[in-house]
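Taking it in order: structure first as structure tokens, then the write-up.
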Amino acid sequence: MSLERRIALLDWAARNHSWVVEDDYDGEFRYEGQALTTLYSLDAQARVLYVGTLNKAMFASLRLAYAVVPEELVEPLANIRTQLDGFTAAAAQLGMALFMDEGHFSSHLRRMRVVYGAKRTMLVEGLAPLAALGWTWPRNPAGMHLLVRHGRGGYVRAVAAASSLDLALLSSYRIARTSDDGLFLRFGSLDAASLSAGTENFVATAKQIKG
């Protein structure tokens, strides 16, 4: 969202006494320019509930997430949390807190931005031949997956069905089917060789099926 739209959303929330839940998805992994300004940092009326997870930045089995909320909501939300499955083990929380306090988390993020940024660049360069076939992808250099789209949904689904890769369809996350479709290409956990081979496989399949 543009800065103007973000401010307009916050104004709406303040007027209507509504909450805005901001999930800063992949916010740590932006590979060019400055990080986008969060709604939470722009919010002067305390209407934003800022949530996120450390599972991607660290490792999935950590199972450690967080919520930054107005003080009056801390106790009610903590009570709700205890009714679900309790809290993450104290040792993991203390260990992560020390990791942050001693500066290791910031160093880790800087190092991993370089790693993931190089992987994204490799993926985008490998997909370049598909632009002539009508495939598109965002230029936003962030995250650990790339959404590639095509105007012909049937073609996208045929490529996914024919490919030996584990491809997630955009239409699987939609309420209603539209004429276009897309695929989520994950690259975060792949090494260079696997990423190169997977990209070549996908491009070859897309060319074979054609649009």
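The set of residues in region 158-208 being among the β-branched types (Val, Ile, Thr) and surrounded by fewer than 16 Cβ atoms within 10 Å (Cβ to Cβ) consists of Ile175, Thr178. Among the residues of region 56-79, those that are over 21 Å from the mean Cα position of the chain (by Cα) and open to solvent by 50 Å² or more (accessible area, probe 1.4 Å) comprise Glu71, Glu72, Val74, Glu75, Pro76, Leu77, Asn79.
Considering every residue within region 76-94, establish whether at least one is in contact with a His (Cβ under 8 Å, 6 or more places away or on another chain) and farther than 24 Å from Ser2 by Cα.
We begin by selecting, within region 76-94, every residue in contact with a His (Cβ under 8 Å, 6 or more places away or on another chain); these are none.
No, the conditions are met nowhere in region 76-94.
The lone criterion from (1) out of contact with any strand residue (DSSP E or B) (no Cβ under 7 Å at 6 or more places or on another chain); (2) open to solvent by 50 Å² or more (accessible area, probe 1.4 Å); (3) within 30 Å of Pro138 (Cα to Cα) left unmet by Met112 is number (2). Among the residues of region 174-211, those identified as out of contact with any strand residue (DSSP E or B) (no Cβ under 9 Å at 6 or more places or on another chain), assigned to a helix (DSSP H, G or I) and under 23 Å from Arg120 (Cα atoms) are Ala192, Ala193, Ser194, Leu195, Ser196, Ala197, Glu200, Asn201, Val203, Ala204, Thr205, Lys207. Would you point out the residue of region 1-24, among those that are among the basic types (Lys, Arg) and open to solvent by 50 Å² or more (accessible area, probe 1.4 Å), that is farthest from Ala46 (Cα to Cα)? Applying the filter and picking the extreme gives Arg5. Looking across Thr88, Thr121, Thr82, Thr53, one residue alone is farther than 27 Å from Leu169 by Cβ, among the β-branched types (Val, Ile, Thr) and open to solvent by 40 Å² or more (accessible area, probe 1.4 Å). It is Thr82. Restricting attention to region 133-169, the residues that are closer than 20 Å to Ser196 by Cα, part of a helix (DSSP H, G or I) and out of contact with any helix residue (DSSP H, G or I) (no Cβ under 7 Å at 6 or more places or on another chain) add up to 1.
Looking across region 66-94 at every residue that is touching a helix residue (DSSP H, G or I) at 6+ places or on another chain (Cβ under 9 Å) and not aliphatic (A, V, I, L, M), the one that is modelled with the highest pLDDT is identified as Thr88. Selection of region 31-41 for residues being hydrophobic (A, V, I, L, M, F, W, C), open to solvent by 60 Å² or more (accessible area, probe 1.4 Å) and either in contact with a strand residue (DSSP E or B) (Cβ under 8 Å, 6 or more places away or on another chain) or touching a residue at least 24 places away in the same chain (Cβ under 8 Å) (or both) yields only Leu36. A Cβ distance below 7 Å, combined with a sequence gap of six or more or placement on separate chains, defines the contacts here; from region 136-147, residues that are within 11 Å of Gly117 (Cβ to Cβ) reach residues that are modelled with pLDDT of 90 or more and in a strand (DSSP E or B) in the pairs Met144/Arg186.
The values are calculated or read from the model by the stated rules, or taken from the named source; none is laboratory data. Everything numeric in this text was worked out from a predicted model, so none of it was measured. Cβ atoms come from the backbone with ideal geometry, glycine included; neighbour counts cover every protein chain shown. Surface areas here come from the heavy atoms of the whole protein model, side chains and all, with no ligands, DNA or RNA. Shrake-Rupley method; radii C 1.70, N 1.55, O 1.52, S 1.80 Å.
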